[in-house]
Each structure stands twice: as structure tokens, then as C-alpha cells.
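Worksheet for the structure shown next.
The values are calculated or read from the model by the stated rules, or taken from the named source; none is laboratory data. Computed from a predicted structure; not experimentally measured. When we count neighbours, we look across all protein chains shown, and the Cβ atoms used for this are built from the backbone with ideal geometry, even at glycine.
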Amino acid sequence: EAGVAQSPRYKIIEKRQSVAFWCNPISGHATLYWYQQILGQGPKLLIQFQNNGVVDDSQLPKDRFSAERLKGVDSTLKIQPAKLEDSAVYLCASSLRPRGSGTEAFFGQGTRLTVV
Amino acid sequence: DAKTTQPTSMDCAEGRAANLPCNHSTISGNEYVYWYRQIHSQGPQYIIHGLKNNETNEMASLIITEDRKSSTLILPHATLRDTAVYYCIVRETNSGGSNYKLTFGKGTLLTVNP
């Protein structure tokens with residue numbers, strides 16, 4: 001079974017530029033998550049999708065971050081404009097369903113973003 | 001904020017059992033305990049989860065106390081490849097009540113020594 005795919009693996013941009021990350025979840029997984037992991041900390045949930053609808057974006061800095069999941073499959077996370085403090089690893093995860101069995105989330109390798 | 005407390009770091013000898021503790025004294029009756037680990041430069045990897053009964057799979061065993069206020073993850077025969085940050089997570093219902101979410105803390109860095 002193929003895992004969660006993310007691209008790019010690494011990205012370096014200047015502050016105030018924009019950047020986008022792509023995620024392809026495991027086939028058939030209805031729930032998709034984007035996490036931000038700053039060096040030395042645990043991952044922090046940014047946004048959670050159920051199919052193509054947002055169910056939790058309470059920690060997403062909406063003035064600069066946006067995410068979409070068209071057709072309930074692939075997802076993109078965008079930052080515009082980027083700040084130095086956005087330097088982090090951005091992790092995508094998916095789970096089969098949000099409730100009951102099959103809720104364990106599987107993570108991709110992440111995209112390491114460096115803002116200079 | 002994470003609802004769990006874990007030691008910052010632990011050491012274990014290769015081939016020995018690694019016992020990683022976790023406190024979750026404010027856990028609610030229907031909240032599950034999940035364990036993930038993160039090897040350097042990789043995404044977190046699911047290990048095991050449980051509600052109140054002890055659980056075992058091919059990777060580890062999870063022992064949850066009867067009052068559910070703490071748990072222990074056991075790696076029966078630790079290898080060098082088990083060196084990682086281990087996260088104990090209480091799975092919470094998000095604000096809408098329709099879905100679950102995982103809130104990570106800082107975890108425990110387990111170092112397996114030769």
C-alpha cells in the first residue's frame with residue numbers, strides 16, 4: 001500500500017515570498033491533516049479535512065495560510081506571504097475515517113521549509 | 001495543549017525492554033491513548049492505541065492503568081533502529097464534536113545504546 005506522498009521534500013524561499021506544498025493521501029482515506037513542526041517541538045495541527053470539507057482550522061493563521069482539498073483527494077497548503085517564523089517541517093497525514101476504527105493517522109515524510 | 005506528560009529523554013540498552021511512561025490524569029472516559037514515534041527526519045509513525053484494556057501488536061505493547069491516568073509503552077527487545085522521539089497522545093474530539101484530533105506534546109527521546 002502506497003503511503004502519504006508529499007512534495008517538495010525541501011524548499012528555501014525569501015521572506016514575503018509565497019510557497020505551496022502538495023499532499024496525496026493514502027487511497028480511500030477520507031480524513032486529511034496538515035501539521036506544522038518547528039524544530040524541537042511536536043507537530044501542531046493546522047487544518048483537518050473530512051473529504052473536501054474543513055472540520056478544524058482553529059490553529060491555521062488564516063491571514064497568510066490557506067489550504068484546499070479539491071475533490072476530496074489531493075490537498076495543497078499555501079503560505080503567502082511567508083515569514084521567518086514559518087520555517088518548519090510541514091507534515092501531511094491521512095486516516096481512513098474520523099471516528100470508530102481506522103482513525104490512526106499515517107504521515108508523509110514532510111516538506112522542510114526554510115524562510116531566509 | 002497536550003493532555004499528557006512524558007519524560008524528556010530515556011536510555012535503553014540494545015536487546016532490553018524499553019518501558020516508556022506517560023501520565024494523562026485528566027483523560028476522559030471515552031478518550032483513547034495513542035502512541036506514535038518519529039525517527040529523525042521522518043514523519044511520525046503510528047505504533048499502537050488503546051482505551052482501557054492492554055493492547056499488543058507486532059511493534060509494541062500498551063499497558064493502561066485501571067484508573068486510566070497513566071500508561072506505559074513497552075518495546076520488548078529494543079534495537080538501535082528504535083531510537084526516536086515517542087509521543088503519547090490522548091485523542092480528543094475537536095470543537096465541533098464530529099471528528100477526532102491528535103495533539104502532540106514534545107514526547108520522549110528514547111536512545112537505544114549498543
Please verify whether residue B:28 is in a loop (DSSP other than H, G, I, E, B) and either surrounded by 14 or more Cβ atoms within 10 Å (Cβ to Cβ) or more than 14 Å from chain A (Cβ to nearest Cβ) (or both), treating the condition exactly as stated.
yes
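Quick one: which strands (runs of 3 or more DSSP E) lie wholly within segment B:33-103 and hold at least 2 residues that are touching a residue at least 40 places away in the same chain (Cβ under 8 Å)?
Working: elements: B:33-38, B:45-50, B:61-64, B:70-75, B:84-90.
Answer list for segment B:33-103: B:33-38, B:70-75, B:84-90.
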Residue that is modelled with the lowest pLDDT, among those in segment B:74-94 that are polar (S, T, N, Q) and closer than 16 Å to residue B:33 by Cα
B:94
Restricting to segment B:55-114, give me the number of residues that are in contact with an Asp or Glu (Cβ under 6 Å, 6 or more places away or on another chain), within 28 Å of residue A:56 (Cβ to Cβ) and away from chain A (no Cβ under 14 Å).
0
I want to confirm something. Restricting to segment A:15-73 and keeping residues that are of a type in the set (Lys, Arg) and more than 10 Å from every other protein chain (Cβ to nearest Cβ), which single residue is farthest from residue B:85 (Cα to Cα)?
A:71
Report yes if some residue within segment B:34-41 is surrounded by fewer than 20 Cβ atoms within 10 Å (Cβ to Cβ), under 18 Å from residue A:106 (Cβ atoms) and β-branched (Val, Ile, Thr); otherwise report no.
yes
For residue B:53, only one of the following conditions fails: (1) within 11 Å of the chain's Cα centre (by Cα); (2) at pLDDT below 90. What is its number?
(1)
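For (1) over 13 Å from the mean Cα position of the chain (by Cα); (2) over 22 Å from residue B:91 (Cβ atoms); (3) in contact (Cβ under 8 Å) with a residue 60 or more places away in the chain; (4) part of a strand (DSSP E or B), each residue gets a yes or a no:
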{"site": "A:42", "(1), (2), (3), (4)": "yes, no, no, no"}
{"site": "A:48", "(1), (2), (3), (4)": "no, no, no, yes"}
{"site": "A:54", "(1), (2), (3), (4)": "no, no, no, yes"}
{"site": "A:71", "(1), (2), (3), (4)": "yes, yes, no, no"}
{"site": "A:81", "(1), (2), (3), (4)": "yes, yes, yes, no"}
{"site": "A:93", "(1), (2), (3), (4)": "no, no, yes, yes"}
How about segment A:25-43: which of its residues are surrounded by fewer than 18 Cβ atoms within 10 Å (Cβ to Cβ), closer than 21 Å to residue B:108 by Cβ and either at pLDDT 95 or above or small (Gly, Ala, Ser) (or both)?
A:38, A:40
